[in-house]
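Visitor: My questions all concern the structure below.
The values are calculated or read from the model by the stated rules, or taken from the named source; none is laboratory data. All values reported here derive from a predicted model rather than from experimental measurement. For neighbour counting, all protein chains shown are included, and Cβ atoms are generated from backbone atoms with ideal geometry for every residue, glycine included. What goes into the accessible areas is simple: the full protein's heavy atoms, side chains included, and nothing from ligands, DNA or RNA. Shrake-Rupley method; radii C 1.70, N 1.55, O 1.52, S 1.80 Å.
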Amino acid sequence: MPALIELSGIERIFHLGDSEVHALRHLDLSIAAGEYVAVMGPSGSGKSTLLNLLGLLDHPNIGIYRLEGRDVTTLSPEEQARVRSERIGFVFQSFHLVPRLTAAENIALPMTLAGIEPAQRAKRVEQALKDYGLADRASHRPDQLSGGQRQRVAIARATIMQPAMILADEPTGNLDRATGEQVMRLLEELNQRGVTLIVVTHDTTLGARARRQLLMEDGELRHDSTIKNK
Amino acid sequence: MRTPDLIRFARDAATGNPLRTSLLILAMAIGVAAVVVLTALGDGARLYVISQFSSLGTNLVIVLPGRSQTGGFNPGNAITSTPRDLTIDDAQALLRASAVHRVAPLAIGTSEISYGGKLREVMVAGTNAQFIEVRRLKLAQGRFLPDGDWRRGAAEAVIGAKIRDELFGAETALGQLIRVGDRRFRVVGVMASTGQGLGMNTDELVIVPVALAQAMFNSNTLFRILVEANGRESIEAAKAQVSEILRLRHEGEEDVTVITQDAVLATFDKLLSTLTLAVAGIAAISLAVAGILVMNVMLVSVTQRTSEIGLLKALGATGATIRSAFLTEAAMLSLAGAVLGYLLGQGGAALIRQLYPAFPAYPPDWAVFAGLGTALVTGILFGVLPARQAARLDPVQSLAKR
């Protein structure tokens, strides 16, 4: 089975004033389709940078990123936007819903941006609302929803384009334990249906749920649970 | 992104902040309204002056004694530099010109008019039967001066509407004898009230036969000769023929000035059109200011919505999509402002027309189109920079911002 994600020799350097910060160094990583990966590490270890890079929101200074066998580092911004639209779903810690749009409109947003027909949009949004238990919240705005509902809207939005992978950055960071548990179960269900799930967290119990753990420190991959002797 | 979605998205973004949006639309509306109202005033002034000039009569050629232009050396100048006066014979001679339709001599003076113990100062116009036709005037009662020998004339007078009211009040004026200066006249007609008029107001005029007026003022000169050409196209021919006849009659000396109404009209038309343009230009400055305001507001909006822009990028929006979303919003705000301003401006112009019915304050079509067009172009032009800035935002940093 070919790897979904293949990173080789990735370097990401930020310039802060005169000093250089190596956010990622000598990173080689391969993630197969359908994996459930937790990226852990302290703040500033480069885990968020790695996630942004995987989501094509950021570019490596050196190295090659192959997504589904295709080198995406050399794509034009428009092509990268298309890859994001079709293959990648984002779930953020702070939900990032558009406050003036209803739950249904927020879920439909990726399809609206992709130019999908309104009739098909309505059908898919209706199904998603039902799947995520939000059917009676369709016309509510984000400020009328609870934290758990907001994150469910965000997950529905992330999956509405049927992406190959979901990138979740501290998805339970703004939620209480019970609601966080629900959200994680939702994400894991998606993973069981074949979607690659990559979760960034500094919560070790959360990270332990994943089948594969990556430990980042100072921009380097310190530990990969699938490789015993590293 | 499909166009209806783009428009809905921009509309929601605009209505998401009602205060910002309404202030911006108001600023744009004031600019457009200023253009519409000010050009309506300017063009109204132009139309007003033109209509006033037209009320003097149409196809008019006016002969003035004396020459205002400097000519070349003429043997006549060596003998005398005093211009010859215009006489009734001069006026009569003009009837021979082929392009001339009617001629009305005009002698003007002031005198006292009295009736039944009432006395007032009036302007007396000595002329002939053609005057009423040449000047396109109307009678309210009776008849005008009879046609006949210009050198004689019965002691009959036509009085203006205001004179009639003041001297006769409720009495009938027709057939009454009035005294003008040291002569007695019988009132045969009353002019219709015109209410307004450039130069000579016929409401306060007493019109008598030209020969009697000259006798009254003890002179044989004319103030003006009004010549009506056969038609609009023969005005220039009439002017040339009139000049030639008078030059020959005045022993080769060009000592009269012949002006056409068209020339005067054209001058005023040009002058006031320029004025309208200048006023429109001043009003356009407010539109430019509104455009800069659009830019400022959109830039603030980009800053406020940074995290939303980052999200849109993460969800697969291209730079072009974000750019067009912000441009659409700017264009919609400008369009709404322009339409509102247009309505306000037309309302203002209508109000001016209501207050001053004689003043045709209609904004010219070109000004309306220019105003609306400038509003849209400035709005979109000044929207480009914020839109580009939004499209260039780095998604990682934008998302980090709450």
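Visitor: Give me the Debye-computed log₁₀ of I(q)/I(0) at q = 0.27, 0.29 Å⁻¹ for region A:68-135, equal point scatterers on Cα only, no solvent, two decimals.
Guide: -1.27, -1.33
Visitor: Take peptide A:113-120, look around each residue's Cβ out to 10 angstrom, count Cβ atoms belonging to other protein chains, and average those counts.
Guide: For this peptide, the per-residue mean of nearby foreign Cβ atoms is 4.
Visitor: Could you tell me the ratio Rg/Rh of the protein assembly as shown? Both radii from Cα atoms, Rh via Kirkwood.
Guide: 1.37
Visitor: Further, regarding this structure: Whole-Hz Karplus ³J(HN,Hα) for region A:144-160, in order, using 6.51 cos²θ - 1.76 cosθ + 1.60 and θ = phi - 60°, x for Gly and Pro?
Guide: 9, 10, 6, x, x, 5, 4, 5, 5, 4, 5, 5, 4, 5, 5, 9, 5
Visitor: Next up: Specify which residue in the list B:VAL188, B:ALA154, B:PRO209 is farthest towards the positive end of the charge dipole of region B:152-245, using unit charges on the beta carbon of Lys, Arg (+1) and Asp, Glu (-1), about the Cα centre.
Guide: Highest projection toward the positive end goes to B:ALA154.
Visitor: Taking the Cα centre as origin and putting +1 on Lys and Arg beta-carbons and -1 on Asp and Glu beta-carbons, what dipole magnitude results for the protein assembly as shown, to the nearest 20 debye?
Guide: Dipole magnitude for the protein assembly as shown comes out near 1060 debye.
Visitor: In addition: Between chains A and B, what is the buried accessible area summed over both chains (1.4 Å probe, protein heavy atoms, nearest 100 Å²)?
Guide: 2200 Å²
Visitor: Sticking with this one: Go from 0 up to the bin containing the longest alpha carbon distance in region A:28-68, width 5 Å each, and give me the % of pairs per bin.
Guide: Using 5 Å bins, I get a P(r) of 5, 19, 28, 30, 15, 4 for region A:28-68.
Visitor: Within the set B:LYS239/B:LYS270; B:LYS138/B:LYS162; B:LYS162/B:LYS239, which residue pairs have Cα atoms separated by over 24 Å?
Guide: Table pairs above 24 Å Cα-Cα are B:LYS162/B:LYS239.
Visitor: First select every other residue whose beta carbon is under 15 angstrom from the beta carbon of A:GLY9; then total the charges, Lys and Arg +1, Asp and Glu -1.
Guide: Once all neighbours under 15 Å are counted, the net charge is -2.
Visitor: Using the alpha carbon gyration tensor of region A:3-224, what are the three equivalent-ellipsoid semi-axes (square root of 5 times each eigenvalue), largest first, in whole Å?
Guide: Each semi-axis is the square root of five times an eigenvalue, giving 29, 20, 16 Å.
Visitor: Give the peptides B:252-265, A:132-145 in descending order of average Cβ contacts within 10 Å, highest first.
Guide: Listed from highest to lowest mean packing, they are B:252-265, A:132-145.
Visitor: Can you check what the net charge comes to around B:GLU244, using other residues whose Cβ is under 12 Å from the Cβ of B:GLU244 (Lys, Arg +1; Asp, Glu -1)?
Guide: So the environment of B:GLU244 carries a net charge of +3.
Visitor: Right, something else. Could you work out how much longer the chain between A:ARG177 and A:ARG141 gets when fully extended? Use 0.36 nm per residue separation minus the Cα distance between them, nm to one decimal.
Guide: Answer, rounded to one decimal: 10.6 nm.
Visitor: Next up: When every alpha-carbon pair in region B:104-223 is counted, what percent end up more than 17 Å apart?
Guide: Here the long-distance tail beyond 17 Å is 49 percent of all Cα pairs in region B:104-223.
Visitor: Could you work out how far helix B:3-15 tilts from the main Cα principal axis of chain B, as a 0 to 90 degree angle to the nearest 10?
Guide: The helix B:3-15 is inclined about 80 degrees to chain B.
Visitor: Work out the mean other chain Cβ neighbour count within 10 Å for the residues of A:39-52 and drop it here as an integer.
Guide: Other-chain Cβ atoms within 10 Å of each residue's Cβ, averaged: 1.
Visitor: If you place +1 on the Cβ of every Lys and Arg and -1 on the Cβ of every Asp and Glu, how big does the dipole about the Cα centre of region B:104-223 come out, in debye to the nearest 20?
Guide: Its charge dipole is roughly 160 debye.
Visitor: Something else about it: Taking only protein heavy atoms into account and a 1.4 Å probe, give the accessible area per residue of region A:3-224 in Å².
Guide: For region A:3-224, the per-residue accessible area is 43 Å².
Visitor: With a sphere of radius 14 Å drawn around the Cβ of B:SER98, what net charge do the other residues whose Cβ falls strictly inside it have (Lys, Arg +1; Asp, Glu -1)?
Guide: Neighbourhood net charge equals -1.
Visitor: Can you tell me the convex hull volume per residue for region A:179-230, based on C-alpha atoms, in Å³ to the nearest whole number?
Guide: 86 Å³
Visitor: Helix B:235-249 against the longest principal axis of chain B: what's the angle in degrees, Cα atoms only, rounded to the nearest 10?
Guide: 30 degrees
Visitor: Express the carbon and sulfur contribution to the solvent-accessible surface of chain B as a percent, rounded to the nearest whole number, probe 1.4 angstrom.
Guide: Of all accessible area on chain B, carbon and sulfur atoms account for 60 percent.
Visitor: Here's a follow-up. Mind ranking A:119-130, A:20-31, B:303-314 by how tightly packed they are, going by the mean number of other C-beta atoms within 10 angstrom, highest first?
Guide: The most tightly packed comes first, giving B:303-314, A:20-31, A:119-130.
Visitor: Okay, next question. Can you work out ³J(HN,Hα) from phi for every residue in region B:115-129, in order, using Karplus 6.51 cos²θ - 1.76 cosθ + 1.60 and θ = phi - 60°, giving whole Hz and x for Gly and Pro?
Guide: Ordered by residue, 3J(HN,Hα) equals 7, x, x, 8, 9, 7, 7, 9, 8, 10, 10, x, 7, 10, 5 Hz.
Visitor: Could you work out how far helix B:365-392 tilts from the main Cα principal axis of chain B, as a 0 to 90 degree angle to the nearest 10?
Guide: 20 degrees
Visitor: Let me ask you something else. Considering the options A:PHE95, A:THR179, A:LEU51, tell which one lies farthest towards the positive end of the dipole of region A:3-224, charges being +1 on Lys and Arg and -1 on Asp and Glu at the Cβ, about the Cα centre.
Guide: Of the options given, the answer is A:THR179.
Visitor: Counting only protein heavy atoms, what percent of the accessible surface of region A:3-224 is carbon or sulfur at a 1.4 Å probe?
Guide: About 47 percent, which is the carbon plus sulfur part of the accessible surface.
Visitor: While we're looking at this one, here's another question. When Cβ neighbours within 10 Å are restricted to other protein chains, what is their mean count per residue of peptide A:103-110?
Guide: Neighbouring Cβ atoms belonging to other protein chains average 2 per residue here.
Visitor: Same structure again: In Å², what does the accessible area per residue of region B:104-223 work out to with a 1.4 Å probe?
Guide: 45 Å²
Visitor: Another question, then. Quick one: compute the contact order of region A:105-181, relative version, from alpha carbon pairs under 8 angstrom and 6+ residues apart, as a percent.
Guide: Relative contact order of region A:105-181: 36 percent.
Visitor: Show me the ranking of peptides B:154-164, B:87-97, B:287-297 by mean Cβ neighbours inside 10 Å, starting with the highest.
Guide: B:154-164, B:287-297, B:87-97
Visitor: With +1 assigned to the C-beta of every Lys and Arg and -1 to the C-beta of every Asp and Glu, and no other charges, what is the dipole magnitude of region A:3-224 about the Cα centre in debye, to the nearest 20?
Guide: Taking the Cα centre of region A:3-224 as origin, the dipole is about 820 debye.
Visitor: Accessible area per residue, 1.4 Å probe, Å², for region B:309-402: what's the number?
Guide: I get 47 Å² per residue for this part.
Visitor: Output the Kirkwood hydrodynamic radius of chain B, Cα pairs only, in Å rounded to one decimal.
Guide: The answer is 26.4 Å.
Visitor: Show me, for region A:173-186, the HN-Hα J-couplings you get by feeding each phi into the Karplus relation (A = 6.51, B = -1.76, C = 1.60, θ = phi - 60°), rounded to Hz, glycine and proline as x.
Guide: x, 9, 10, 6, 4, 5, 5, x, 4, 4, 5, 5, 5, 4
Visitor: Right, another one. Please name whichever of B:THR318, B:GLY231, B:LEU23 sits farthest to the positive end of the charge dipole of chain B, dipole taken about the Cα centre and charges placed at Cβ: Lys and Arg +1, Asp and Glu -1.
Guide: Towards the positive end, the residue furthest out is B:THR318.
Visitor: Compute the FRET efficiency between B:VAL384 and B:GLU133 as 1/(1 + (r/R0)^6), taking r as their Cβ-Cβ distance and R0 = 51 Å, and round to the nearest 0.05.
Guide: Plugging the Cβ-Cβ distance into 1/(1 + (r/R0)^6) gives 0.20.
Visitor: Let me ask you something else. Considering the Cα trace of region B:214-371, what is its radius of gyration and what is Dmax, both in angstroms?
Guide: Rg then Dmax for region B:214-371, in Å: 30.4, 100.
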